[in-house]
Structures are given as structure tokens and as C-alpha cells.
1. Could you identify the single residue in R325, R291, R306 that is under 21 Å from the mean Cα position of the chain (by Cα), surrounded by 13 or more Cβ atoms within 10 Å (Cβ to Cβ) and either among the polar types (S, T, N, Q) or within 26 Å of K151 (Cα to Cα) (or both)?
2. If I ask for residues that are open to solvent by less than 80 Å² (accessible area, probe 1.4 Å) and more than 23 Å from the chain's Cα centre (by Cα), which ones from the stretch 85-101 would you list?
3. Restricting to the stretch 28-55, count the residues that are modelled with pLDDT under 50, of a type in the set (D, E, K, R) and open to solvent by 50 Å² or more (accessible area, probe 1.4 Å).
4. Kindly indicate whether any position in the stretch 128-145 is β-branched (V, I, T) and over 16 Å from the mean Cα position of the chain (by Cα).
5. What pairs come up if the first residue lies in the stretch 113-129 and is farther than 9 Å from V83 by Cα, the second is outside any helix (DSSP H, G or I), and their beta carbons are under 6 Å apart, counting only those six or more places apart or on different chains?
6. What are the pairs, 6+ residues apart or on separate chains, where a residue within the stretch 295-323 that is farther than 22 Å from A52 by Cα and among the β-branched types (V, I, T) has its Cβ under 7 Å from a residue that is open to solvent by 40 Å² or more (accessible area, probe 1.4 Å) and part of a loop (DSSP other than H, G, I, E, B)?
7. Return the residues of the stretch 117-139 that are in contact with a helix residue (DSSP H, G or I) (Cβ under 7 Å, 6 or more places away or on another chain) and open to solvent by less than 40 Å² (accessible area, probe 1.4 Å); say none if nothing qualifies.
8. Just give me the residues in the stretch 187-219 being in a loop (DSSP other than H, G, I, E, B), of a type outside the set (V, I, T) and more than 27 Å from I141 (Cα to Cα), in sequence order.
Amino acid sequence: MKNNKNLIFVSLVMAVFLLAAGIYGYEGSRKSVPVTQTGDSNIKWVDFNVPAELLKKTCLLDVQSYEGKTHLDWITLLAYAAVKGGGEFGKKSEGYISEVVTKLEAGEETKESLAEKYQYFSYYYEAYTAVLGGMVGEYEIENEQGEMEKKYGLKAFSPIAKGFQYQDYDDFGVSRSFGYKRQHLGHDMMGLIGTPIIACESGYVEALGWNRYGGWRIGIRSFDKKRYYYYAHLRQNRPYAEGLKEGDYVSAGDVIGYMGHTGYSDKENVNNIDAVHLHVGLELIFDEERRENGNEIWIDFYQIARFLSANRSEAVREESTKEWRRKYAFRDCFFFNNVIEYKQ
């Protein structure tokens, strides 16, 4: 009887702990539960688990319908699928997408009506906008004739340049021990030293230099300030694209650095990482004050990397400098339309 009472007590304690983990965003729980907090947003943690196949499907629906009667915003479609699936994606997800497409095209539903009808729709819409908001839109890209063509579509790129091989698997959340025991809040892409590393999205270089964990690294902030891309373990001696510095504007698809295995050292320019690879992380920023206080929100980049693997920026090597640069010029129309000065 005493053992049964102890078991019941332990079970109740665990239940309370798990509930608190879901509500307060305990790092080990990865719960996508909207909560109340002080700041610009109610979101405290995001568990981004949308499969690459569904990202591809909804992105295609968005692009194909852009100039049609009903523009099918891919984030609306994904938010609906998340609501219907209880935050999970599986065999029924494509059916949910087809269902909402039919309703939107018939005028039976709008983004606003979905937000009114489903309790957590606005949460998923805000969360997925933070993740994907800079990946689809208008842009200009150079064609084979050297002319700039205006397009609407996927304007984000894989972090690995076209033609360069790599291997990866989903390693988000696994244990790391250098410095202190912690979780791996990024995605590793294994390749060869010197592989050109690409800016996934346009933005500003917010951080550049040595970090004892990431070695030579680059941090790029998106224009809407919601995303921070972290590229780490860059090449020893020549980690960055020539001339790159903090404050620079970079276009999606630009070569920003080179793969290496620096890091895990308080001394600069040391190769203490065993495997040559790029660590790419994506941090979501809903509240600057919370971020400054150490409440960071990192998401699993694996499915995004799979999705972006079909859109890789081609790079060419300058023989005089031995540096790589993108082959085709690119202009992000969001930047071009909202910022006075444009840096070529």
C-alpha cells in the first residue's frame, strides 16, 4: 500500500512537472504551447516540426497561385494543418491542406475567419511566420543573358553551395559536453574543408569572429529582425568571404564563408572539432529583452535544410584571389523596396 501511495505521489509530481514544462517552455520539452509573457509576443517556445515534403507542397501552392484569383499563402496553409493535427504532421496533413485550399478558393474561409474559428491558429501563424517569413517573396535574379528578371517564389537557399557534397541527419537536441553539458541547438552538415557556405536568407551581419564553442562563426539577422542565422566551425586562417564585416548587408545566396572544423577552444583559430562540418542554427526572436536575458528560441533546422536542398546557389572561383562568389546576381525586393541605399 505504501509503495502504491509513493507511486501515485511520484506520478502526480511528474504530471505537474510536464504540465509546467509545456506551459513555461522548459528546454527539454520542446512544447509548442502559446503562453502569456511580457513583451512583443505571447510565444515562448516553438517546436518547428513541419516535414520538408509539406514545405515543398505548400510553397508550390503559394507560388502557383500568386497572380491568381486566390493567393494561397503557404503559412496560412501550414498553420491550418498544424491546428487540425494538434501540432503534429502525419498522413492526414496533406488532406488538411487540400481541405483548406478548397475552402479558401471558394471564399468560404479567410485567414481572419480561421483565426476566429480555431483557438491556436493565430499562434501557429505567428510562429511559422517567424520561421518562414523571409523565404518566399519577390526577388530579381540574373539570367544567362546577364539581365535581371523579377520573380516571385522561393528566395532562400541551402547553406551549402551548389555542386558541393555533404551529409547530414537530424541531430537537434543531442547532448554536448564541451564547456558544460548542454543540448545541440543546431544542425550539422558534414563536408570538405573550404566548401563555400551560403547565406540562406538576406539580412545583416550581426556577429562575426571567434566563439569558444563555434570557432570562427557568422551571425546574420533577417530584415524583419525575427530570425538569426548562425553559421559556425568555419575554416581555419581564412574563414570568411573576403571583406565581410559586421554590419554588412548580404543577399540570400551570397558566399559568406568556408566550411572547417574550428572551435571548442578559448584560443582563437584552433581546429578542435573532430569532423569537418558546418553547424547552422536558426534562432527565432519574438522579444529582444527576453533574448538579451538568455531566453533564446532555437528550432530544428533539419527539415528546412532538406527543403532548401533543392535551391542551391551556384558559386564560381576567382583564380586571382582563390575566393568563391555567387555566379548569378540577386536582389531581394523586400530590401530594395524598404531601404534607401542598396549595396551591390
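The values are calculated or read from the model by the stated rules, or taken from the named source; none is laboratory data. Because the structure is a prediction, the values reported are computed rather than measured. Here Cβ is always computed from backbone atoms with ideal geometry, including for glycine, and neighbour counts include all displayed protein chains. Surface areas here come from the heavy atoms of the whole protein model, side chains and all, with no ligands, DNA or RNA. Shrake-Rupley method; radii C 1.70, N 1.55, O 1.52, S 1.80 Å.
1. Working: R325 fails: under 21 Å from the mean Cα position of the chain (by Cα); R291 fails: either among the polar types (S, T, N, Q) or within 26 Å of K151 (Cα to Cα) (or both).
Matching residue, one of R325, R291, R306: R306.
2. G95, Y96, S98, E99, V100, V101
3. Within the stretch 28-55, residues that are modelled with pLDDT under 50, of a type in the set (D, E, K, R) and open to solvent by 50 Å² or more (accessible area, probe 1.4 Å) number 1.
4. Narrowing the stretch 128-145 to residues β-branched (V, I, T): 129, 131, 136, 141.
Going one step further and asking which of them are over 16 Å from the mean Cα position of the chain (by Cα), we end up with 141.
So far as the stretch 128-145 goes, yes, one or more of its residues are β-branched (V, I, T) and over 16 Å from the mean Cα position of the chain (by Cα).
5. Y123/P34; A127/I43; A127/V46
6. V316/K327; T321/E242
7. F121, Y124, Y128, T129, L132, V136, G137, Y139
8. Our first condition is that a residue be in a loop (DSSP other than H, G, I, E, B); within the stretch 187-219, this holds for 191-195, 199-202, 212-214.
So of that shortlist, the ones also of a type outside the set (V, I, T) come out as 191-192, 194, 199-202, 212-214.
Result: G191, L192, R212, Y213, G214.
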